[in-house]
Amino acid sequence: MDAIQRRLIPSYIFLIICSIISVFPLFWMLTAATNATVDVSQGRLWFGAFSAENFKALLDGAPFFQSKLWSAMRNSFVFAAVQTVLSLLICSLAGYGFELYHTKGKDILFGILLMAMMIPGVATMIPLFSMMSKMKLLSSVWGFILPSVATPFMIMMFRQNSRNFPLALMDAARIDGLQEWQIFFKIYMPIMKSTYAAAAVITFMNAWNAYLWPRVVLKAPEAQTMPLFIANLANGYTIDYGALMMGVLFCSLPTVIIFFILQKQFAEGITGAVK
Amino acid sequence: MEKKTNRWGWAFLIVASAMIMIFSFYPMFSALIMSFKTGSSANMKWATPWYNNYLRMFKDKTFITSLKNTFLYLIIQVPVMLVLAILLAQLLNNPNLKCRGLFRTCIFLPCAISLVSYSLIFRTLFYDTGMINTILMKLGIIHENIKWLGQTGTARAVIITALIWRWTGYNMVFYLAGLQNLDYQVYEAAQIDGANGWKTFWHITVPQLRPVIIMTFIMSINGTLQLYDESVNLTNGGPAGTTMTMSHHIYNTAFQGKANFGYAAALSFVVFILVAILAAINLKVGDTRD
C-alpha cells in the first residue's frame, strides 16, 4: 500500500461506517418483510420464511386496512405517471418561454412565480381542499395532481438548462418555415433530453412519495396511494410488523429501482435548478 | 414579426403561470382571509375579535410545544446534518480515493425511499423490544429495554437521528456538485504548505461551497418547518403530543375531531411567516460575509 492510500485509511473507515449506517435500515426492512411479526418485533436480523404470509396479509387486507395492495400500487403508478407527463410538458413549455423569448415583463412575472417556492404546502392545504371539494375533485387523479403540476422549481430547472440552447438553431428553423410551437416540439425537446430525464425522475419520485396532500384529498379508500396504504397498516392497535415491512418494501421498490438505474439523473434532478 | 414571437413566448408560459397563481398564490391569500374566521368548510363566520385565532395560539399548549420541537430539530439536526454532508463531500471529492461511486451510492440511497417508509422502518427499529434494543442488550450496554418512542427525550432523539439518516446524502449531492468546479490541486498545494485536514476544510471547502451552503440551509429550514410525515408515522406526535410538529398539529386542527379551518389557517400562516423570515435572515447573513 502506498503512502497516499495509507493516509486515506481514516477516510475509508469513516466512509465505511457511514455507508453501513445508510444501508442497514433498508437491509433490515428487507429481512423483516420475510419474518413473522413476533420475530420482527424481537429484532431478528436475518431472512425468515414468512414472506408468503406477510404478502397474503397485504393482498387480503385485514378488516382495519382501508384498501388493498394492488389498488394502492395501481393508483400510485397512474397518479405519478400522469403528474410526471403533465408537469414536464407544462413546466418545460414555461421554461422555454421564459428563457428563449425573454422580455422585461416575463422576467418580472418569473420573479413573482419564484416567490411561490416560499409558500408551505401546509398553508395552502385547507383552501385547496375546499377548492377541490367544490370542484368535486376529491379522491380523483386531478385532485391529486393539480396543485403540483406547475412548480417554480421545475420551471426554473428548465429555464436554467435552456441557457446554453443555441439561438442560431431557432433562427434557422424559422427560416425553414417552422412555427414557434414546432420549434419547441421538434428542436427544443430532443436537445433537452437529459433535462427531461432528470425532471421526470424527480417528479415521479415526488409524486410517488407524496403524503400530506394525498392524505387530505384522497378520502375514498379505493383512491389511496402506497404511502397512505402503508401508513394505515401501522394504524391499528396491534401492528403486524412483518406485513408492515412487506408493505414498505412494495412502496420502496419502484423508487429504489429508479434510483439504481437513473442515479445520475436523480442527482441532477434534485440539484437541477442550481447551476 | 418580433411582436408575434413575443406573443408566442407568453402563450408558452401562460399555463404554468396561471396554475401557480391558482394553486399557490390564490390559496395562500384565501388562507389569510380564512385565518380571521372560525368554523369549517360550509359554516365559517368572522371571528370576534377578527384576530382571535392569532390570540388563541398563545394559549394553545400543543402549538407552543410543536413550535419548540421545530426549533429544537432546527438547531440540532440541521447543523449536524450539513456539517456531516460537507465532510462526506470533501472526502468523496478526493480523486485518490477508491470505490468513490460505491460510497456515494450507499450514502445517497436513503433518498430513494419515501418519508413515510423510512418513518415506519425507524418506528419498527426502535420498537420497545425491537432491533435496536436487542442489539444493545446483547452487547451488554443496557440491561432492560429502553422505551425509545415512549419518552419525550428519546422520541425526539429518534426523530432527529432519522432525519439525519434520510437527508445527509441528499445534501451531500449538492456539495459534490458544488465542489466539481474546484481544482483538487488546490488541496494538494495546501497540504504541501502544511495545512491539515481541518484547515483545508474551513479555508478551502467551506468558502468554495458558500452559496450552496446557504441554499441547503434555506431548504433544510423550509423542510424542518414543514415536517409532517415523520411526526405522524414515526411517533404519531407522542408521547402525549410532545414530539408533534407544527404541520401535524395544523392537519389535526383542520381535519380531525372538531375541525376548525379558521384556526388551522392562522397556524399555517405562522409557518409561512417563519419560513419567510428565516430565509431572509439566511440570505442576509450570506450576503454580508463577502
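With the cut-off at 1.5 for a/c, could you classify segment B:29-122 from its C-alpha gyration tensor as rounded, prolate or oblate? Intermediate values should be presented prior to the final figure.
Numbers: a/c = 3.65, a/b = 2.83, b/c = 1.29.
In terms of gyration-tensor shape, prolate.
Place a point 7 Å from the Cα of B:Ala195 along the Cα-to-Cβ direction; which residues of segment B:156-184 have their backbone N under 14 Å from it?
Only B:182-184 fall inside the zone, counting backbone N under 14 Å.
If you count, for every residue in B:5-11, the Cβ atoms of partner chains within 10 Å of its Cβ, what is the mean? Walk me through the intermediate numbers first.
On the way: counts 5, 5, 2, 7, 11, 6, 5.
Mean inter-chain Cβ contacts per residue within 10 Å come to 6.
Quick query: amide H of B:Lys37 versus all other amide H atoms, modeled in the peptide plane; which residues come in under 5 Å with a sequence gap of 5 or more or a different chain?
When sequence neighbours closer than 5 places are left aside, the close amide H contacts are B:Ala47.
Counting only other chains, and only Cβ atoms inside 10 Å, what mean value do you get across the residues of A:23-32? Write out the running numbers ahead of the final one.
Working: counts 5, 3, 13, 8, 0, 6, 7, 0, 1, 5.
If you average over the peptide's residues, the count of other-chain Cβ atoms is 5.
Which of A:Lys106/A:Lys193; B:Lys37/B:Lys61; A:Lys104/B:Lys37 have a Cα-Cα distance over 32 Å?
Details: A:Lys106/A:Lys193 25 Å; B:Lys37/B:Lys61 21 Å; A:Lys104/B:Lys37 39 Å.
With Cα atoms farther than 32 Å apart: A:Lys104/B:Lys37.
Other chains' Cβ within 10 Å of B:158-171 residues: what's the mean? The partial results should precede the final answer.
On the way: counts 0, 0, 0, 1, 1, 0, 1, 4, 2, 0, 3, 3, 3, 1.
If you average over the peptide's residues, the count of other-chain Cβ atoms is 1.
Need one number: the % of Cα-Cα pairs in the protein assembly as shown sitting beyond the 45 Å mark. Present the calculation step by step, with values, prior to reporting the outcome.
Details: 28640 of 159330 pairs.
More than 45 Å apart: 18 percent of the Cα pairs in the protein assembly as shown.
Given the rule -39500 (n - 2.57) for each run of at least 4 DSSP H residues, summed and divided by the residues of the protein assembly as shown, what is its mean residue ellipticity at 222 nm, to the nearest 500 deg cm²/dmol? Could the numbers behind the result be given before it?
Details: 29 runs with 385 residues, N = 565.
Estimated from H runs of four or more residues: -21500 deg cm²/dmol.
Here are some pairs, A:Lys68/A:Lys136; B:Lys4/B:Lys284; B:Lys3/B:Lys284; A:Lys264/B:Lys284; A:Lys68/A:Lys134; B:Lys258/B:Lys284; which of them have Cα atoms lying more than 30 Å apart in this structure? List each step's numbers first, then the result.
Numbers: A:Lys68/A:Lys136 24 Å; B:Lys4/B:Lys284 41 Å; B:Lys3/B:Lys284 40 Å; A:Lys264/B:Lys284 33 Å; A:Lys68/A:Lys134 28 Å; B:Lys258/B:Lys284 42 Å.
Check vs 30 Å cut-off fails for B:Lys4/B:Lys284; B:Lys3/B:Lys284; A:Lys264/B:Lys284; B:Lys258/B:Lys284.
Could you pull out every whole DSSP H run in chain B that spans at least 18 Å of Cα extent along its own axis and averages -0.5 or higher on the Kyte-Doolittle scale?
Numbers: long enough: B:2-20 (27 Å, 0.22); B:61-92 (45 Å, 1.62); B:152-179 (39 Å, 0.87); B:206-225 (27 Å, 1.17); B:261-288 (41 Å, 1.79).
Membrane-span-like by this rule: B:2-20, B:61-92, B:152-179, B:206-225, B:261-288.
Show me the ranking of peptides B:253-262, B:239-248 by mean Cβ neighbours inside 10 Å, starting with the highest.
By packing density, highest mean first, the sequence is B:239-248, B:253-262.
Just grab the label-to-label distance for B:Lys4 and B:Trp202, each label 7 Å out from Cα along the Cβ direction, in nm (one decimal).
The modelled label-to-label distance comes out at 6.4 nm.
Output the peptides A:198-210, A:43-55, B:11-23 sorted from most to least packed, where packing is the average of other Cβ atoms within 10 Å over each peptide's residues. Numbers along the way, then the final one.
Working: A:198-210: 23.5, A:43-55: 15.8, B:11-23: 19.8.
Answer by packing, highest mean first, reads A:198-210, B:11-23, A:43-55.
Give me the accessible area per residue for chain B, probe 1.4 Å, as a whole number in Å². Present the calculation step by step, with values, prior to reporting the outcome.
Details: 13420 Å² over 290 residues.
Per-residue value: 46 Å².
How big is D, in µm² s⁻¹, for chain A by Stokes-Einstein at 10 °C and 1.306 mPa s if Rh is the Kirkwood radius over C-alpha pairs?
Working: Rh = 21.7 Å.
My calculation gives 73 µm²/s for D.
Assuming R0 = 45 Å, can you tell me the calculated FRET efficiency for the pair A:Asp171 and B:Gln180, based on Cβ-Cβ distance, to the nearest 0.05? Working shown, then result.
Working: r = 33 Å, r/R0 = 0.73.
About 0.85, to the nearest 0.05.
Restricting to Cα pairs below 8 Å that are 6+ residues apart, what does the relative contact order work out to for segment A:33-270? Please round to a whole percent. Let's see the in-between values first.
Numbers: 247 pairs, mean separation 86.1, N = 238.
Relative contact order here is 36 percent.
If one computes the Cα centroid of segment B:217-290 and of segment A:178-243, what distance in Å separates the two points?
With segment B:217-290 and segment A:178-243 each reduced to a Cα centre, they are spaced 23 Å.
What's the ranking of B:66-72, B:147-153 by average number of surrounding C-beta atoms within 10 Å, highest first? Show your work: numbers first, answer last.
Values: B:66-72: 18.7, B:147-153: 15.7.
Taking the mean over residues of other Cβ atoms within 10 Å, the ranking is B:66-72, B:147-153.
Need one number: nm distance between label points at A:Ser51 and B:Ile281, each 7 Å from Cα along Cα→Cβ, rounded to one decimal.
Distance between the two pseudo-spin positions: 5.0 nm.
The values are calculated or read from the model by the stated rules, or taken from the named source; none is laboratory data. This structure is a prediction, so every number in the text was calculated from the model and none was measured. Heads up, the Cβs are rebuilt from the backbone with ideal geometry, glycines too, and the neighbour counts pull from every protein chain shown. Heavy atoms of the whole protein, side chains included, go into the accessibility calculation; ligands, DNA and RNA do not. Shrake-Rupley method; radii C 1.70, N 1.55, O 1.52, S 1.80 Å.
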